[in-house]
Amino acid sequence: MTVYFIGAGPGAADLITVRGARTLASCQVCLYAGSLVPRELLAECPEGARLVDTAQLNLDEITGELVRAHEAGLDVARLHSGDPSVFSAVAEQMRRLDAAGVPYEVVPGVPAFAAAAAALKRELTVPTVGQTVILTRVAQRATAMPEGEDLATLGRSGALLVLHLAAGYVDRVVEELLPHYGADCPAAVVAFASRPEELILRGTLSDIAGQVKGAGVVRTAVILVGRTLGAAGFRDSHLYSAERHRC
């Protein structure tokens, strides 16, 4: 049988994809991160499905659940918040499933940064202002960042930065980005994007840290820094220009 890594979306239960919901409804076993995946999504599982909260399980225990379900002839939904392609730890699970000979598929989901952009009502790529988005994080109590991927290095690009898992270290983020972006650079933090408790903080590098600490935001948030967040007098895109030749 098959393990399906399903992107559950950023938080709102109705932001799972149609394919994700249909796949979830067909699996007799569902492993989900209880602290990140909305409980309402579990209602999509078939009646009598085995539901396993992985919040307190380690990697070997999670893999064991997946392998045992496969050996029992059961399809498994492995629900991950956001989209499995970014900061989801699916690579290490896939590696173990490959070794065990267990087949799997990936169903993409709406990533947190997309939900944050929607909440801010901003396009992250704006003509003549910024066309590059960097998704990254900071290394604190997590795995060390590879060489050359520290904030000081990435900041030299001037691209829009989206930082996951960094709200608790906002002072450090600001300190490392100030020399490259300047104190007046637009910045925003979106916590619990798409959820009823969604919180949006807007400011600049000069004041965003104070806002984050004042609001008590420490987790389930993304930090965005870049000029496109405040873009106003930019040129229209060539895509819909009247001067563009259309066949």
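The values are calculated or read from the model by the stated rules, or taken from the named source; none is laboratory data. Everything numeric here is computed off the predicted structure, so don't read it as measured data. For neighbour counting, all protein chains shown are included, and Cβ atoms are generated from backbone atoms with ideal geometry for every residue, glycine included.
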Q) Taking segment 120-153, which residues are in a loop (DSSP other than H, G, I, E, B) and under 22 Å from Ala232 (Cβ atoms)? A) Lys121, Arg122, Glu123, Leu124, Thr125, Pro127, Thr128, Val129, Gln131, Thr132
Q. Taking the stated definitions as given, is Gly148 assigned by TED's automatic domain parsing to the domain that holds Glu176 and at positive phi?
A. yes
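Being closer than 28 Å to Ala13 by Cα and touching a helix residue (DSSP H, G or I) at 6+ places or on another chain (Cβ under 9 Å) narrows it down to one residue among Val170, Val189; which is it? First the steps, then the outcome.
Numbers: Val170 fails: closer than 28 Å to Ala13 by Cα.
Of Val170, Val189, the one residue that is closer than 28 Å to Ala13 by Cα and touching a helix residue (DSSP H, G or I) at 6+ places or on another chain (Cβ under 9 Å) is Val189.
Any idea which of Glu197, Glu175 is of a type outside the set (Val, Ile, Thr), farther than 24 Å from Thr125 by Cβ and exposed (fewer than 14 other Cβ atoms within 10 Å of the Cβ)? Spell out how you get there, then give the answer.
On the way: Glu175 fails: exposed (fewer than 14 other Cβ atoms within 10 Å of the Cβ).
Criteria check complete, one pass: Glu197.
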Q | Boolean, Asp14 is under 21 Å from the mean Cα position of the chain (by Cα), without any contact (Cβ under 8 Å) to a residue 40 or more places away in the chain and more than 14 Å from Val107 (Cα to Cα) | A | yes
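Of all strands (runs of 3 or more DSSP E) completely enclosed by segment 1-116, which ones contain at least 1 residues that are over 30 Å from Ala188 (Cβ atoms) and β-branched (Val, Ile, Thr)? First the steps, then the outcome.
Working: elements: 3-7, 29-32, 50-53, 76-80, 104-107.
Those strands (runs of 3 or more DSSP E) span 3-7, 29-32, 50-53, 76-80.
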